[in-house]
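Just below is one structure, and these are the notes that go with it.
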Amino acid sequence: MPLNSSAFHDLVDDVQQQIEDILDDSDLDLDIENSGGILTLVFTDGSQIILSRQEPLKQLWVAARQGGFHFDYDTDSQRWLCSNEQRSLGQWLATLCQQQSGEPVDFPGL
């Protein structure tokens, strides 16, 4: 069943808050900005990872130095999955953060 706008926004707000909480509890040295539904992670080298909601498509988009990734919410697994390869948002964020910071970070449940 397709997500309605309210459910979509609630899911994005929730996952963005989870990401912020995980990063706040980690040892990564980065700045986190959340404004207008766009979550921006700024690493010490100036590189960024940007998570933005795309309401018309009901997708969460991630832009990073390594490229752009589109995620659809899978109601069965209750996770955001990459539309190209079904890799979870948490798996992608762990890879991207490691590549941009040089430090490992885990995003359990995402």
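A short reminder: the numbers here are calculations on the coordinates, not readings from a lab. From a predicted model like this one, the values you see are computed outputs, not experimental measurements. Neighbour counts run over all protein chains shown; Cβ positions are idealised from the backbone, glycine included.
Out of Gln16, Gln54, Gln86, any idea which swings most in a Gaussian network model of the chain, alpha carbons joined below 10 Å?
Gln86
Points 7 angstrom from Cα along the Cβ direction at Gln99 and Ala7: gap in nanometres?
Placing both labels 7 Å beyond Cα along the Cβ direction yields 3.2 nm.
Comparing Gln78, Gln98, Gln17, which has the greatest mean-square fluctuation in the GNM of the chain with Cα pairs linked when under 10 Å apart?
Gln78
With angles folded into 0 to 90 degrees, how steeply does helix 89-101 sit against the dominant principal axis of the chain? Use alpha carbons for both and round to 10.
20 degrees
Would you mind giving the three semi-axes, in whole Å and largest first, of the ellipsoid equivalent to region 59-110 according to its Cα gyration tensor?
Those come to 19, 13, 7 Å.
Hey, any idea what the orientation-averaged projected area of the convex hull of the chain's Cα atoms comes to, in nm²? Mind showing how you got there, number by number?
Numbers: hull surface 26.0 nm².
Dividing the Cα hull surface by four gives the mean projection, 6.5 nm².
Helix-derived [θ] at 222 nm for the chain: sum -39500 (n - 2.57) over DSSP H runs of at least 4, divide by residue count, nearest 500?
So the calculated ellipticity at 222 nm is -10500 deg cm²/dmol.
R0 = 22 Å: FRET efficiency of Glu55 with Asp106, Cβ-based, nearest 0.05?
Details: r = 29 Å, r/R0 = 1.32.
The pair Glu55/Asp106 has a calculated efficiency of 0.15.
State, as an integer percentage, the relative contact order of the chain based on alpha-carbon contacts under 8 Å between residues 6 or more apart.
17 percent
In region 1-38, which residues have a backbone nitrogen under 14 Å from the label point lying 7 Å from Asp72's Cα in the Cα-to-Cβ direction?
1-3
Mean-square fluctuation check for the chain, GNM, Cα pairs under 10 Å: which of Glu33, Glu85, Glu55 is largest?
Glu85
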